[in-house]
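Heads up, the thing below is written out as structure tokens.
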Amino acid sequence: DGGITQSPKYLFRKEGQNVTLSCEQNLNHDAMYWYRQDPGQGLRLIYYSQIVNDFQKGDIAEGYSVSREKKESFPLTVTSAQKNPTAFYLCASNHRGGQPQHFGDGTRLSIL
Amino acid sequence: GESVGLHLPTLSVQEGDNSIINCAYSNSASDYFIWYKQESGKGPQFIIDIRSNMDKRQGQRVTVLLNKTVKHLSLQIAATQPGDSAVYFCAEIPLDSSYKLIFGSGTRLLVRP
């Protein structure tokens, strides 16, 4: 089945450590997105990419980095500069100019 | 800044009753609206959408109503079932963003057996 796969489902980060969250889609979507969700809150946009080798900052990009080397992959790195990384991270994708966005099942990141 | 918000953080309904979840938006230039359902530990799932040139759209057991005059969006679920228990988010896409969804904080729907 086509869809968006996020891994791992749970991730723990030590102080000063960078961690990378994986997002893969086989929907042939051009655009991909990363959101952060805190308990009891809506989704906030971290980064998005409309095409391979191009990406833009969202509303809360500080402390995060991304790459888009392949159409189907959009990994997110949570760097040590992100002082409050504990959250539920969601990846989404859609066709350029088309909605709605389809979401993966998320990665829950916690601090050790 | 522009935002999408919800009136009720938690809604409790009896199984079989109809549910209405409300959402207010502030950007009158928004062109497109979406309702998502999110179950615990999962990503949001698309339910239904509506464009600004429509007032109403129906799906299977769900109806979305858009009132542009008062900038209000609602999701109606008919004959609510236990499987409908989840958090529901409305989201808008402003005309000048094309790709960016602005999400509300969500409403939790609890279905009593």
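The values are calculated or read from the model by the stated rules, or taken from the named source; none is laboratory data. In this text, all values refer to a predicted model and were calculated from it rather than measured experimentally. In this analysis, Cβ positions are derived from the backbone assuming ideal geometry, glycine residues included, and neighbour counts consider all displayed protein chains.
Could you name every one of the strands (runs of 3 or more DSSP E) located completely within region B:1-99 that has at least 1 residues being farther than 21 Å from A:Phe103 by Cα?
On the way: elements: B:10-14, B:19-25, B:30-38, B:45-51, B:56-58, B:62-67, B:72-77, B:86-94.
Those strands (runs of 3 or more DSSP E) span B:10-14, B:19-25, B:30-38, B:56-58, B:62-67, B:72-77.
Might you check whether a residue that is at pLDDT 95 or above, loosely packed, with under 14 Cβ neighbours inside 10 Å and not β-branched (Val, Ile, Thr) occurs anywhere in region A:96-109?
No, every residue in region A:96-109 fails to be at pLDDT 95 or above, loosely packed, with under 14 Cβ neighbours inside 10 Å and not β-branched (Val, Ile, Thr).
Run down B:Asp17, B:Asp84, B:Asp96 and say which single residue is among the charged types (D, E, K, R) and under 20 Å from A:Gly42 (Cα atoms). Before you say what the answer is, go through the steps one by one.
Numbers: B:Asp17 fails: under 20 Å from A:Gly42 (Cα atoms); B:Asp96 fails: under 20 Å from A:Gly42 (Cα atoms).
Exactly one of B:Asp17, B:Asp84, B:Asp96 is among the charged types (D, E, K, R) and under 20 Å from A:Gly42 (Cα atoms), namely B:Asp84.
What's the number of the only condition in (1) touching a His at 6+ places or on another chain (Cβ under 8 Å); (2) closer than 27 Å to B:Arg108 by Cα that A:His95 fails to meet?
Only one criterion in (1) touching a His at 6+ places or on another chain (Cβ under 8 Å); (2) closer than 27 Å to B:Arg108 by Cα is unmet by A:His95, namely (2).
Quick check on region B:69-81. Is at least one of its residues farther than 22 Å from B:Leu110 by Cβ, away from chain A (no Cβ under 11 Å) and either in contact with a Gly (Cβ under 8 Å, 6 or more places away or on another chain) or of a type in the set (A, V, I, L, M, F, W, C) (or both)? Explain how you work it out, then say what you get.
Initially, region B:69-81 is screened for residues farther than 22 Å from B:Leu110 by Cβ, giving B:69-72.
Filter once more, keeping what is away from chain A (no Cβ under 11 Å): B:69-72.
Still in the list and also either in contact with a Gly (Cβ under 8 Å, 6 or more places away or on another chain) or of a type in the set (A, V, I, L, M, F, W, C) (or both): B:70.
Yes, region B:69-81 contains at least one residue that is farther than 22 Å from B:Leu110 by Cβ, away from chain A (no Cβ under 11 Å) and either in contact with a Gly (Cβ under 8 Å, 6 or more places away or on another chain) or of a type in the set (A, V, I, L, M, F, W, C) (or both).
Could you identify the single residue in B:Gly106, B:Gly41 that is within 11 Å of chain A (Cβ to nearest Cβ), in contact with a Gly (Cβ under 8 Å, 6 or more places away or on another chain) and closer than 19 Å to A:Asp59 by Cβ?
Values: B:Gly41 fails: closer than 19 Å to A:Asp59 by Cβ.
Result of the check over B:Gly106, B:Gly41: B:Gly106.
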